[in-house]
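Read through the structure below, which is laid out as structure tokens, and then see the notes.
The values are calculated or read from the model by the stated rules, or taken from the named source; none is laboratory data. Keep in mind that this is a model prediction, so the values were computed, not measured. Positions of Cβ are generated from backbone atoms using ideal geometry, with glycine treated the same way; all protein chains shown enter the neighbour counts. SASA here: full protein model, heavy atoms, side chains in, ligands and nucleic acids out. Shrake-Rupley method; radii C 1.70, N 1.55, O 1.52, S 1.80 Å.
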Amino acid sequence: MKLTPLQWLAVAAVIVVVAVAASPTADTPPATAEAAADKAEDDDDDDDGGGGVFPFKALQLYNTVAGYLEYIFDIVIAPITGGVSNKKQSPSRVSYKKFQIIRVLPSDEDEVLDIEAMSEEPGVQVWMPIRLNKTADLVLPPSVARDVKRFLTQREINFIVLSSDLERSISKQNPKSPSITQKSELKATKGHVMTWNRYHRYQDILDYLMYLSENYPHLVELLPIGKTVEGRPLKVVKISSGQTRENVVKPAIWIDAGIHAREWISPAVALFILRQLVENKSYRTLISELDWYILPMINADGYEYSHTVDRLWRKSRTAAIKSGRTLWDMSYGCEGVDLNRNWDWHWAGVGASQDPCSDTFAGSHAFSEPETRAVSDFILDHRDRIQVYLTLHSYSQMWLVPWSHTKKLADDYDDMMYLARQATEAIQKVHGSIYQLGTTPSLLYTTSGSSDDWAKGKAGIKYSYTIELPDKGMYGFLLPAEKIVTTGKEIFTGIKSIAKSILKINSMKEKTKLKG
């Protein structure tokens, strides 16, 4: 067999790495990453506090060697044998056994910097941003959990443990899927298998949309707008009575959800809103005077992946992009794009990453993804009618107004806040839930390329909002399915408030026009 120069270089690199790993000065790597984690915990038990805070060289060396070996398999052995590595073949389910969720509260800038440095450790995830005098939620893998907590204790930084085993928390979120017999009974009784006591897979969602269109043809129309990277259909549900007055453009409200895969509560609430508008006759007025465009799932690929492989997956499933940062970078790259950083409004600016391995990767260019292109094209085609843009996210219980990319307030900030304040007050009356109200930079962080900013800045939709659904961190992205109905009721109440405000504003404009 004759190897190419690149293949010889790769072989040589692996030999060097293995030689270093076997040298007396290096830590002997364990047989598996799990064994490395166990060894790190054992070392912690014997630690007298005199070592470094994060002693993970052995684990990192092991991961490096394993990565190079896998690379060699794919570029040298696989072309000859016709085989592929397990990584390429079928990804195994990600386990979060013994992962912990902690909540930290930095009280000064030094503590913020300490926590930010700590968050760079391998496997650590930041669920809520690290800000002065604000709580931040972090996920810690077992290999670093003890050292992180020791580090925080040594620095006298306040923290609490929200979950000591994330995998156990994940297993409790969603009830067991009904059996084939139970599904058949549901379909025979109701015509569909959709319930609001569990989080459903994407095919169940599509089936429910079809059920609505077939059983309420006078109200519901399904509008295919494109497909995801993996070929799943994207369908907007148009809800309309069809009634309109002569020479009057009927206003419309847009609602989307599921732009981030792991935020399961958002598509569930969008579907709850759909049910209320279509199947509950009490809300016929909202349909006769307004049209509704609802896309319950933007990131269908990522959503399915979060069900089958990685519960905490956030991005889309775009094929891996090699970063190629150095000559020696032989990594496979990382899949996916953050679809809420991919919009053509201050794209790839603050709060967005150009690293494909980052959870906030903005993509190769604005609207590089078929999902965001499809949605933006539809909205632009209907922007003369859409007067409200609502996008559902989680978590933190916030009602956010543009701008997200700058701390500067929009010229009509007061107008947006007035409607949003009425909505959050209406929400509070349902179950007492309090939603914080303000801009993204004031309540969370500054970010660019987001859908709500684009809807306002490019599509010209005056009332553009991001709604961060419950909770405030007790469950985070793992809000139990039993919370779907209560969350849906309060959010629908807030959206009804917005709808009534729009109708009132339009009525006042019409009266003013007639007087003129």
- request: Could you work out how far apart the two model spin labels at residue 110 and residue 180 are, taking each label as a point 7 Å from the Cα in the direction of the beta carbon, and quote it in nm?
  value: 6.5 nm
Computed lengthening from residue 132 to residue 249, 0.36 nm per intervening residue step minus Cα-Cα distance: 37.4 nm
field: Point-to-point label distance, residue 462-residue 275, nm (Cα→Cβ direction, 7 Å offset)
entry: 3.4 nm
- request: Could I have the simple spin-label model distance between residue 430 and residue 168, label points 7 Å from Cα toward Cβ, reported in nm to one decimal?
  value: 3.2 nm
field: Net length gained if the chain between residue 422 and residue 215 were fully extended (0.36 nm per residue, minus Cα distance)
entry: 71.1 nm
- line: Which residues qualify? For residue 257, with a placed amide H closer than 5 Å and at least 5 residues away or on another chain, they are 295, 297, 298, 392
statement: Quick note, the stretch 78-211: a/c under 1.5 would make it rounded; otherwise a/b > b/c is prolate and the rest oblate (a ≥ b ≥ c, C-alpha gyration tensor); here it is oblate
- request: Among the listed pairs 429/496; 238/458; 98/315, give every one whose C-alpha distance is greater than 18 Å.
  value: 238/458; 98/315
- request: Heavy atoms only, probe 1.4 Å: what % of the accessible area of the stretch 425-516 goes to carbon and sulfur, would you let me know?
  value: 54 percent
- request: Please list 122-128, 142-148, 428-434 highest first by mean number of surrounding beta-carbon atoms within 10 Å per residue.
  value: 142-148, 122-128, 428-434
task: Please give the length that would be gained between residue 160 and residue 513 if that part of the chain were fully extended, namely 0.36 nm times their separation in residues minus their C-alpha to C-alpha distance (nm, one decimal).
output: 121.2 nm
query: R0 = 35 Å: FRET efficiency of residue 344 with residue 94, Cβ-based, nearest 0.05?
result: 0.60
field: For residue 361, distant residues with modelled amide H under 5 Å away
entry: 338, 353
- request: Rounded to the nearest 0.05, what FRET efficiency do residue 120 and residue 407 give with R0 = 22 Å and r taken as the Cβ-Cβ distance? Could you check?
  value: 0.30
message: Report the Cα centroid-to-centroid distance between the stretch 267-312 and the stretch 164-194 in angstrom, as an integer.
response: 18 Å
field: Sorted peptide list for 255-267, 494-506, criterion being average Cβ within 10 angstrom, highest first
entry: 255-267, 494-506
message: Accessible area per residue for the stretch 409-516 in Å², computed with a 1.4 Å probe and the full protein assembly in place, what is it?
response: 45 Å²
